[in-house]
2 protein chains.
Amino acid sequence: GAAADNDLYINQAIVFIEDAIQYRSINHRVDSKSLGLYRWYYSRTCQWILSLTITIILALAFIEKPSSLTITSDVRYRVPAWNPPCGLTESIELLCFLVFVVDVSVKSYLIGWEEFWKNKWLMAYILTLIVSLADWIVSLSFFCTEEVRIRRILRPFFLLQNSSMMKKTLKSINSTLPEMASVVLLLAVHLSLFTMFAMLLFARTKDGQQDKEWVRYFRNLPDSLTSLLVLLTTANNPDVMIPAYSKNRAYSIFFILFTVLGNLFLMNLLTAIIYNQFRGYLLKSVQSSLFRRRLGIRAAFEVLSSLKETHAQQSYVSVEALLRVVQKVEMDSRCRQAIMRSLKTWCSCDKLSAAQFQKLFEELDKDAIKQHPPSPEYQSHFMQKMQFAFGHPYFGYLGNVVALANIVSICVVLVMDADKQPSERDDFFLGAINCFFILYYLLEMFLKILAMGLKRYLSYPSNRFDGLLTVILLVLEIATFAVYGFPHPGWRPELMGLLSLWDMVRLVNMLIVFRFLRIIPNMKFMALVVTTLLDLVKNLRAFAGILVVVFYAFALTGIMLFRGAVVPLGNSRIRCDFFFCFVCFGFLFQTSFYINKVIVISFKEKRDIMALFGHFQAEDIYHLLHLLSVNLICRWAKIYFVAWWLISSVIWVNLFVALLLENFIHKWDRRCHREPVSDIEYQRTVELMFR
Amino acid sequence: GAAADNDLYINQAIVFIEDAIQYRSINHRVDSKSLGLYRWYYSRTCQWILSLTITIILALAFIEKPSSLTITSDVRYRVPAWNPPCGLTESIELLCFLVFVVDVSVKSYLIGWEEFWKNKWLMAYILTLIVSLADWIVSLSFFCTEEVRIRRILRPFFLLQNSSMMKKTLKSINSTLPEMASVVLLLAVHLSLFTMFAMLLFARTKDGQQDKEWVRYFRNLPDSLTSLLVLLTTANNPDVMIPAYSKNRAYSIFFILFTVLGNLFLMNLLTAIIYNQFRGYLLKSVQSSLFRRRLGIRAAFEVLSSLKETHAQQSYVSVEALLRVVQKVEMDSRCRQAIMRSLKTWCSCDKLSAAQFQKLFEELDKDAIKQHPPSPEYQSHFMQKMQFAFGHPYFGYLGNVVALANIVSICVVLVMDADKQPSERDDFFLGAINCFFILYYLLEMFLKILAMGLKRYLSYPSNRFDGLLTVILLVLEIATFAVYGFPHPGWRPELMGLLSLWDMVRLVNMLIVFRFLRIIPNMKFMALVVTTLLDLVKNLRAFAGILVVVFYAFALTGIMLFRGAVVPLGNSRIRCDFFFCFVCFGFLFQTSFYINKVIVISFKEKRDIMALFGHFQAEDIYHLLHLLSVNLICRWAKIYFVAWWLISSVIWVNLFVALLLENFIHKWDRRCHREPVSDIEYQRTVELMFR
């Protein structure tokens, strides 16, 4: 009937406005049942469950079989990691898969068949689930003894497909690929040409003394290629040229030419190309989000205007229907109030045109302007003076000065105690000043609360941080006194365990340092720098997500490939360790260290390394790395490491630099051209452009 | 009289137009005598003598006393370097100084007293000369035995002040300094905060086994600061965290946090800031050059119009006077002809207005469009067919394919011979294919000359390169046959010396590879990349000059500071060596290797290093580096190296990246927005903007 139709329209409008709020696409089923399912699916609980499931399935790697998440990584001291019985992690996995099956079915149903066939992400999702479930069945039928588990490498896909930002970023990266490929091709040509030159230059000679360069770095084609590839990462930079240079200085020209061309020109060109592609990325992203929002609002308008079933020239929406919708939409209470207020003030008529409707919802684009609660008003003259004194910014500056004094004093104590034996140290001085500073911080907090009132005090994030810090310091200090007694000359609290109570006090003291970061916004340029960094962190989530996806896949592939590749050390055979790989690879994307450590050492030098180990009595983990590498070399592991280097160190870091440049230039232009620009104004401009 | 006045005006006009051509300022004396001096000073000979003098005085460092420019850098084999007698280099220096004195006097005279007092560069020039001469006198009065020679460090100033591009670039860099300073400040805050955290975290414990991290990297404040500074250069990246990580994995969080914040965020922010400052640098530079040119032409017009001494409303210039001026101006003959032609065609009247005058000289802004001479026209039908066949691009492609085959064959031989003893090798195959390929290249060259005619053939740079290469190959091949006879199975030319004739043949073969670089312009995106790189090289000269200036000053300061800092090795005491420092420092700006190698090794580990040396029997130069470093540490040399790292690796490389980005984006925008844009058109656009 008409009432049911009306209800449906109202519901549709509600969903469309919620889509607009969340910047979602409005391409989904709109019948009554589907709308209910849709609202349920996008409810906070459901989405939270989905995120939790993804987190759980990704975290499984830390406790699964070839991993060993222990405190120490030193194989001599570490206790064997807890080995979950067969079926435990597997049943958790199955539960996660079931959630994903529900997720994919609901999603597919909601977007409808036509859209489904066009959506490659959904297809891939289903395929991944099928492969994972098949692998799971294989795993159980072998009673968890099988070595290869494909489903683990596929896991990060679940993270990827759940984030629209990451999908968008991936699309952007994808469009840069052809250009990146041409630079990488140029790089490959550069590398191969120089490799051939090197092999001709550093050929074997009859004089054994003279061909050290050949023996070490250019023995054959793979060795030469590797040496120069590592030189491209600058990891073996002067080492590789020293033997040749000591023979004839002119050889250095070859290496300098290679480095300048490859490293300075081609590598940086990659940055330029990626940045060029990402120019305007932020603006485009904002535009497309706003487009979705405007589309959602427009759809809601159309639906609501068809409610009246009047086919006038100009469609309109009744205020009463809109009020019903706004009441039911899940949105920020501040926005809802603002919309209601606007509706009441400037809409005296009971009809809204499309333009008015849009304008009403512009409130969504505005950020909340935070208002601090007022200070308490004291009657007493003395209290008013107190309030003036301690509410004044100078009192805050005094606090900063005291914190600086605190840091300087800690620094002095550290420098004085640096070379003393633990038994010689006298901690009386440090204990005494700690006591003094904590008292000051406590006093400062109380005076500020007195001057500003508790509510106003807590409305500033910096005050909340200071207050929390002061309370933690106080608790720790009281605990210290309870355990060790009051400080006196010769006072020396015992160091117990990794991080004793005493260490804790010192570390919390260090947190006071962060009070200084509050000064930064007062300095003109520093403020720009810091806000850029903070903005960057916001925009970085998608990039970080992609890094995590690649990282996870690489780490697990590494474990699978190099399982058993570790040489026996002493009497124990050590497993390849998930977290170990994780950390090593994690650092790689900054330093290309692994390329250095792993690839440079070839199988022939195994004995040298062994001798070196004997000499140094070095840490086992470091040895392991070396020994691992020695064995890896024989197994074409180079390709794996080079691929990782390319993705993490070359491409990802360049993407990061591009994003940073984009953020900074965007911010800088806004600051220079229109000084007092707020976010709202900016978004309005974008919106105008968009129309 | 009036005739003398007229001559003066004509001369002034000539000089102003020459100023315009060379983009020089017109701020100089314009009396008759000064104009003669001015033209003499800016004549090619004079400027060439000045450049030569600068080159000579800079090159002196290679033969001066503490240097040792020998072929090998291995102290065991190298012969003592030639030690010039006292007074030889000094008298060359004096001659150079005299040239500079003349230079500065003429320059000061020409710009006039008023301008002189405003010109800081000239003042600094005079001051440098005075200090240098004083130092020279001191040096001679000590009979060249004095240790400190300040004038050497001042030498690069002469290079700097002679280049207006470098002065302009320096000004740009100077304007970026405040912003760079704030990031460096942020970096310093970051470093010091984390240093204190580290010292608290990795404090000395009673258990000797547990505090390896403390012993190695965080023993005291300077050690901790150094460890983290080196971590900022990523040189000691995983090493520094391994002891702590093997104790407790959680410690890695500290290092990851430090690296991500410092290296990924702050360091890249520096790139962003420098790039932001250099945006539009190219455009501004072009604009200011064009401004100078237009000013010069306008000045010439004013001078020539005052020739007539008519005070009409509209000033004008007679064509006859202009013709006299153009005849006498030193300029490109192509431009002169173009201007004469324009004068004759579109100026039927004998008067030129200011606008017409400017338009006439726009010819200067245009680049020559090179026209290749026509192919010869053959009468014979057969020759015409030949011409069609060998003038066709496909014939060029065939040549590339043959060159590829050549490279592949060399590669195959190299791979096959890689592990063979020199005595086992059979060079017959390589000799035979070399012979074949050289014959082909020869044939190709002759056929191309036949098809295109010699003039047309030589008008293409790629053909000139190919032809030259072919001739060199032919000469080498004939020489090889003369020495070793024709190739036969078992043929094995002796390897003689560093680069025998045989090696030469192989190396020249390798040059054939560069024929492939001709393919690049045919590929759309590659062409952009390569032209960007070539443009970059043009724009880079000023930057490279500044690097040379800093490099030279640092290398000579290093020699002066660290003279005698080398520890005795065997029985010989080795001097610190100019070229050695040069190369080491040269590589540093890419890898921050020196920071790694020099700073990480502290005095305490001296014995370890000695033991290591015994173990490895490593090269002397490498030892020297280490031993040098061990001693340097004690002498606050860290500051020197850190300063060098900051300037070369941090600031210069970022400047380079900024310039590359600027070049690339500039080029890309031109390509995308207006497809068939020529340089002329671009310059016109700039010009329009400028008006």
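The values are calculated or read from the model by the stated rules, or taken from the named source; none is laboratory data. As the structure is a prediction and not an experimental result, all values here were calculated from the model. Cβ placement follows ideal geometry from the backbone for every residue including glycine, while neighbour counts extend to all protein chains displayed. Calculation scope for accessible area: heavy atoms of the full protein, side chains included, ligands and nucleic acids excluded. Shrake-Rupley method; radii C 1.70, N 1.55, O 1.52, S 1.80 Å.
Observations, loosely collected:
- Rounded percent of accessible protein surface that carbon and sulfur make up, segment B:102-193, 1.4 Å probe: 75
- Entries of A:Lys107/A:Lys328; B:Lys171/B:Lys284; B:Lys33/B:Lys167; B:Lys328/B:Lys455 with Cα pairs more than 20 Å apart: A:Lys107/A:Lys328; B:Lys33/B:Lys167; B:Lys328/B:Lys455
- Here is the list for segment B:314-404: GluC sites (Glu not before Pro) lying in DSSP coil, each with at most 14 other C-beta atoms within 10 angstrom of its C-beta, are B:Glu330, B:Glu377.
- Neighbouring partner chain Cβ atoms per residue of B:248-255, average, 10 Å criterion: 4
- Extension gain, B:Ile472 back to B:Leu37 (0.36 nm per residue minus Cα-Cα distance, nm): 151.9 nm
- Computed FRET value (nearest 0.05) for A:Thr345 with A:Arg324, which takes r as the C-beta separation and R₀ as 25 Å: 0.80
- Between B and A, buried accessible area from a 1.4 angstrom probe totals roughly 10700 Å², ignoring ligands, DNA and RNA.
- Amide hydrogen neighbours beyond the local backbone of A:Lys351, cut-off 5 Å, H modeled: A:Val319
- Largest-first ordering by accessible area, 1.4 Å probe, given options A:Ser164, B:Ser380: A:Ser164, B:Ser380
- Cβ neighbours within 10 Å from other chains - mean over A:269-277: 6
- The simple Förster model, with R0 at 41 Å and r as the Cβ-Cβ distance, assigns A:Leu458 and B:Met165 a FRET efficiency of 0.10.
- Burial ranking of peptide ranges A:440-451, B:532-543, B:291-302, A:171-182 (average Cβ count within 10 Å, highest at the top): B:291-302, A:440-451, B:532-543, A:171-182
- Here the average projected area of the convex hull drawn through the C-alpha atoms of segment B:1-167 stands at 12.7 nm².
- Counting only protein heavy atoms and using a 1.4 Å probe, the accessible area of B:Arg324 comes to about 100 Å².
- Inter-chain shielding of B:441-453 (mean C-beta neighbours from other protein chains, 10 Å cut-off): 0
- Spin-label pair B:Met416-B:Gln337: with each label point 7 Å from Cα along the Cα-Cβ axis, the two points sit 5.5 nm from one another.
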